[in-house]
Amino acid sequence: MSFRMNTRTRIAVLMIPPALLLLFFFVLPMFVMASYTFREGSFGAARQRFTLAHYREFLENAAFQHLLWRSMLLSLETSLYCVILAYPAAYYLAFQAGPKRLTLLTLIIAPAWTSFLLRVLAWKLILGSEGMLSSLLQSVGLLREPKPLLLYTRGAVVVALAYSWIPFVVLPIFAALDRIDRDLLEAAADLGCAPWQAFLRVTLPLSMPGVAAGFVFVFIPTLGEWVTPALVGGVKGVMYGNIIQDQFARALNWPLGSLMSFVMLLLMLALILPISRFARFLRLGGL
């Protein structure tokens, strides 16, 4: 009994510091931001007045809702591209790389060690009129004169975001694939499964928790992204996060900006919870 009490005490001591950090730097700021949604203004005595005007403004503004929907689709598209591109790399690392896996994994992660802003600016140069892509197409005769390709479009935002987040998708998929018991694949082969059948019936289902984790890793940060659209998206690539940033930094309308942030958070939770339940179901099912 004393051993159990000691174990519980040690667990409590270890959990208290991160719990306090989470309380003061996440939960408390969220409550403060929630209170701003009911204030009439950001500054002065007016901010103490209770109002629902910002809720009515958001519900009546179809442009905000359309931009949120478009941003969600862009984030889903980016997450899907990241999973599709990362899965073959993770599969090779888990099953084919052998002793080279650590070196190759380091090379995949290495770009993430540099500044996120520098990587986005690099894509701005690549896609610009004098960039590498335009010069390459001119050299092969597909372009007669320099001109920007994809720059300041929705496609440029997807390309830059997918490039930035692929390493964070490779890691969970690689971890899931690496945990697969190789005896299962041998048993599938002994039972007459072709390699592609073994992949569809054994490897892919067992790796789905890693795929779900990688998808979430990309979707959550990209939904509120505003730096990348501001640099390479232009008017056509504006996302919901850009409007939130404008409300806080330019319009100084903190109540509306807080409300828009909470709407995005609720939508994100509504999409993430089914994915997490699906991943938990796979784990409980032994997959």
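Please list, ordered by first then second residue, the pairs with beta carbon atoms under 6 Å, 6 or more apart or interchain, first in the stretch 141-163 and modelled with pLDDT under 75, second of a type in the set (Ser, Thr, Tyr).
Qualifying pairs under 6 Å: PRO146/SER129; PRO146/SER134; LYS147/SER129; PRO148/SER129; LEU149/SER134.
In the stretch 45-86, what count of residues is obtained for those that are aromatic (Phe, Trp, Tyr) and without any contact (Cβ under 8 Å) to a residue 12 or more places away in the chain?
1
Does the stretch 66-76 contain at least one residue that is more than 17 Å from the chain's Cα centre (by Cα) and of a type outside the set (Asp, Glu)?
Checked against the condition, which is being more than 17 Å from the chain's Cα centre (by Cα) and of a type outside the set (Asp, Glu), the stretch 66-76 yields at least one hit.
Looking only at residues in the stretch 79-106 that are hydrophobic (A, V, I, L, M, F, W, C) and more than 21 Å from the chain's Cα centre (by Cα), which one is surrounded by the fewest Cβ atoms within 10 Å (Cβ to Cβ)?
So the residue we want is LEU102.
With a cut-off of at least 1 residues that are under 25 Å from LEU73 (Cβ atoms) and not small (Gly, Ala, Ser), name the helices (runs of 4 or more DSSP H) lying wholly within the stretch 173-287.
Working: elements: 182-190, 195-198, 204-223, 240-249, 254-284.
The qualifying helices (runs of 4 or more DSSP H) are 204-223, 240-249, 254-284.
From the list LEU177, LEU206, LEU185, which one is within 16 Å of ALA97 (Cα to Cα) and surrounded by 18 or more Cβ atoms within 10 Å (Cβ to Cβ)?
Being within 16 Å of ALA97 (Cα to Cα) and surrounded by 18 or more Cβ atoms within 10 Å (Cβ to Cβ) holds for just one of LEU177, LEU206, LEU185, which is LEU177.
Please verify whether the stretch 36-46 includes one or more residues that are at pLDDT 85 or above, exposed (fewer than 13 other Cβ atoms within 10 Å of the Cβ) and not β-branched (Val, Ile, Thr).
no
In the stretch 263-281, what residues are closer than 13 Å to MET33 by Cα and modelled with pLDDT of 90 or more? Write out each step before concluding.
Filtering the stretch 263-281 for residues closer than 13 Å to MET33 by Cα gives 263, 265.
The one that is closer than 13 Å to MET33 by Cα and modelled with pLDDT of 90 or more: VAL263.
Would you mind listing the helices (runs of 4 or more DSSP H) fully within the stretch 57-161 where at least 2 residues are basic (Lys, Arg)?
Correct list: 116-127.
Within the stretch 235-257, is there a residue that is within 16 Å of the chain's Cα centre (by Cα), modelled with pLDDT under 90 and closer than 29 Å to TRP123 by Cα?
Looking for residues that are within 16 Å of the chain's Cα centre (by Cα), modelled with pLDDT under 90 and closer than 29 Å to TRP123 by Cα, one finds none in the stretch 235-257, hence no.
The values are calculated or read from the model by the stated rules, or taken from the named source; none is laboratory data. Just so you know, these numbers come straight off a predicted model, no measurement behind them. All Cβ positions, glycine included, derive from the backbone under ideal geometry; neighbour counts span all protein chains shown.
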